[in-house]
Amino acid sequence: MKLIQVSDLHFVPPGTRLFGIDPRARLAAAVQDINARHADAELCLFTGDLTDQGAPESYRALREVLSELRLPYRLLVGNHDDRGNFAAVFPEAPRDENGYVQSIVPTSAGDLILLDTHEPGSEAGFYCAPRQAWLRERLGDSSGRPVYLFMHHPPFDIGIPSLDRIRLLEPEGLSAAIEGADVRHIFFGHVHRPVSGSWRGIPYSALRSTVHQVPLDFGDKRSMPYSFEPPAYNVILICDDLTVVHHHDYMNREIVTPGTERYSAAE
């Protein structure tokens, strides 16, 4: 099974830029690349911060760009989003009985469970008791099938203080909810960096934004620094006993073709 993960789109109202970058143009380039290279993927998952300030016109612009995507997609919300404005523009997006943007997607390789970690007024994430109860029910419905979690905030520190302060707070509830389930991998956004490892025995991975990035800086900065490393999306390959995550810098189109001279004289 092939999946695509894109994250942290940070759409702004038409006619404006973010740090001098046009988020719409960046996502349009990603959509074009996905259509050309990965139209065979089962699903494209967007793991939050769809907009930068949750403005309705930003969601409408996002919907226009996504209309060009040739494969099905699912949207998650992040700390920069507004759940109400999102639902008004994407009314078909599945939500649970409490209005959280959560759902389960059965696939040939297992169940994808999409979590809502957004908390209004907070850059950090939360996963409250009602959301935990929903997750326990979905894991019960999975009946032992492999599970892959998609969310915006990581439920642990990654060693970058400016990001660790705004991770998923109080992750014990999430950890308790998934205890005993066959969770194969956790995919998240939020950190604007390619990060991988394992948390309590569960592998995880994150990816760069389609707009700006967070530099690899372990110093304790009071404010969030940004960088302009290349945008990327992830290509995920899953089979029975294997999960492979490729980080793809989709705007780097320079490829050395066979027959190109390998060596040349030094100047």
message = If you split all Cα-Cα distances of region 1-48 into 5 Å bins from zero, what percentages do you get per bin, shortest first?
response = 5, 20, 26, 21, 15, 9, 4, 1
ask   = For helix 129-142, what angle does its Cα long axis make with the longest principal axis of the chain, in degrees from 0 to 90 and rounded to 10?
value = 80
task = Take peptides 134-141, 224-231, 13-20, 246-253 and line them up by average Cβ neighbours within 10 Å, highest first, as a rough protection proxy.
result = 134-141, 224-231, 246-253, 13-20
Region 1-101: GluC sites (Glu not before Pro) in DSSP loop, at most 13 other beta carbons within 10 Å = Glu68, Glu92, Glu97
inquiry  = From the Cα trace of region 89-225, what convex hull volume per residue do you get, rounded to a whole Å³?
reply    = 132
task = Give a quick list of trypsin sites (Lys or Arg not before Pro) in region 158-216 that DSSP marks as loop, anything other than H, G, I, E or B, with at most 13 other Cβ atoms within 10 Å.
result = Arg200
request  = Please work out the Kirkwood hydrodynamic radius for the chain, using every pair of different C-alpha atoms, and report it in angstroms with one decimal place.
outcome  = 19.1
ask   = Cα convex hull of region 1-110: how many Å³ per residue?
value = 98
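Read the figures in this text as sums done on the coordinates, not as results from a lab. All values derive from a computational prediction rather than experimental measurement. All Cβ positions, glycine included, derive from the backbone under ideal geometry; neighbour counts span all protein chains shown.
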